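The values are calculated or read from the model by the stated rules, or taken from the named source; none is laboratory data. Here the structure is a predicted model, which means the values were calculated and not measured. For neighbour counting, all protein chains shown are included, and Cβ atoms are generated from backbone atoms with ideal geometry for every residue, glycine included.
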Amino acid sequence: MKLSVFKIATISIFFLSLNLSLNAQALSGSQIDSLVEKTMKTFDVPGMAVAVLKDGKIYHKNTYGVRSLKTNAEVNENTLFGVASNTKAFTAAALAQLVDQGKLSWDTKVNDIIPEFKLYDSYVTAEFTVRDLITHRSGLGLGAGDLMVFPATNTTTLPEMIHNLRYLKPVSSFRSKFDYDNLLYIVAGEIVARVSKESYDDYIRENFFKPLGMTRSLLSIPKIAADDNRIDGHAPVNGKLEITGNTFTQIATPAAGIYASINDMTTWLQAQLDEGKYGAQLKDSLFSKNAHLEMWTPQTIVRTGRGPYNTHFLTYGLGWFLSDINGYFQATHTGGLLGIVSQVIAFPELDLGIIVLTNQQSGAAFNAISNSIKDGYFGIKGENRIKEYNERRLAGERKADSIVSAVEKDITTQLKSKTAKPDQANYLGTYQDPWFGDVIISSENKKLHFRAVKLSDLTGTMTFYKGTTYAVRWNDPSLKADAFVTFSLDIEGKANGFTMSPISPLTDFSYDYQDLDFKRK
């Protein structure tokens, strides 16, 4: 019998898919346990929780290590982890519910709901939509203005933050490129509050935590701090892990504020894989299928490039990064706090979900685990993801250490030099940035001292570096964010302002020093 070209192609595709399925071998539970334990040892992670969802069921879920090096209490399925920017998917879903209810549209103008909202450019302000708030295409730079809500000792209020957005200068044209931000997600949370007429926290609890039975999920910093079964964040300082403080202030909750257990996050991710449906026979729904499709539709191009899994595109949807991974559609997000990182991944075509929660700030650790799990489902053999990410991490650390060491060497040389040093009295005074607020430069024990009035974390001693530049070391070394302070002088040689930049290239982007421009008051 003679086969048509169509039938031959169909048979070929069938055997190709059969071959792929035969070659693919998901990691067993014991293999995942071994993988996690090796990863924790390699990257010095005290505690983790990992889950894999497949075909509507929990294929694997386990917890590892300790919640905190302070208590050595073990992590369990109800331990609260900071999911950080995985909160953004909840904020997008809250807006999706309000769209379903006809209370707003994705393209409703922000000014129609928050009249006081104003950006640097009047045209952008007038055209800015709800969709623009959550797609990272505003024209603002990476992490612009984060120092109003980060770290957690900041005293900036929500009305002050919204007002101060007008002082942040754009770095690109409106809707022209991707630059990740947090502040506009905070504004999105305020949209949820004003449209629903209840606080953002109450809305998330009532419309997501309660219906999904997420009883071990919190948004309130005081309640999180008081919970006995929660993690502490950990960061390496001089080769030893130290416990970190809180990352964001309470007003940043819509961007990064949720703490949740691995049990609750599996429930949340399964609802995403089920297009918002949940409950017995999936009869209930968080949001419509159209709303879910919109959240998982590319909105902003991030970049192109092959990547580790023959990836051809990477985009951002509404609260999710979207890409093609080994021929499959992937929706994912990561989250990072001081000493804490997390990752959530969904492959809807495979009905596969992966969650990795940690209490150490090594993103290399969660990537080593999730990519190893992916390799099993894709039939990829011979890859050592732990080794791959560890080598990449070590290379980055060596580069950063060499830069910091060179700075330290220059400082030591300057201190020993008999060359005349700048008159420190010229730099004393109070300086102000329009959105960040005041910084006081004072003299203590014959050294310059830096103190941010609204952000007590940014307090430290300044050491002469070169020219009119000083290096400031923060009193809390776990911040890992020491900075250069470069003064500008008037014609009399007295400082009339200064700018800042990070010393280490590994400094978290939320220390957006580049956006600061201080002038003497």
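Candidates are the residues of the stretch 283-331 that are more than 24 Å from residue 379 (Cβ to Cβ) and among the acidic types (Asp, Glu); the one that is surrounded by the fewest Cβ atoms within 10 Å (Cβ to Cβ) is 284.
Note on the stretch 236-266: residues that are buried (at least 18 other Cβ atoms within 10 Å of the Cβ) and in a helix (DSSP H, G or I) amount to 11. Of everything in the stretch 483-521 that is without any contact (Cβ under 8 Å) to a residue 24 or more places away in the chain and not in a strand (DSSP E or B), the residue that is surrounded by the most Cβ atoms within 10 Å (Cβ to Cβ) is 490. If you check residue 345 against the conditions, is it out of contact with any Pro (no Cβ under 6 Å at 6 or more places or on another chain), surrounded by 18 or more Cβ atoms within 10 Å (Cβ to Cβ) and either farther than 28 Å from residue 210 by Cα or β-branched (Val, Ile, Thr) (or both)? So residue 345 fits the description; yes.
Restricting to the stretch 182-208, name every residue that is more than 27 Å from residue 146 (Cα to Cα) and without any contact (Cβ under 8 Å) to a residue 60 or more places away in the chain. Scanning the stretch 182-208 gives a single hit, 206. Scanning the stretch 318-364 for residues that are within 19 Å of residue 58 (Cα to Cα), among the aliphatic types (A, V, I, L, M) and part of a strand (DSSP E or B) gives 331, 344, 345, 346, 352, 354, 355, 356, 357.
Residue count for the stretch 417-455 satisfying the condition of being more than 21 Å from residue 492 (Cβ to Cβ) and at pLDDT below 95: 7. Can you find, within the stretch 434-454, the residue that is surrounded by the fewest Cβ atoms within 10 Å (Cβ to Cβ) among those that are aromatic (Phe, Trp, Tyr) and touching a residue at least 40 places away in the same chain (Cβ under 8 Å)? Checking each candidate, the answer is 435. Scanning the stretch 371-427 for residues that are surrounded by fewer than 16 Cβ atoms within 10 Å (Cβ to Cβ) and among the small types (Gly, Ala, Ser) yields 379, 382, 395, 396, 402, 405, 406, 417, 420, 425.
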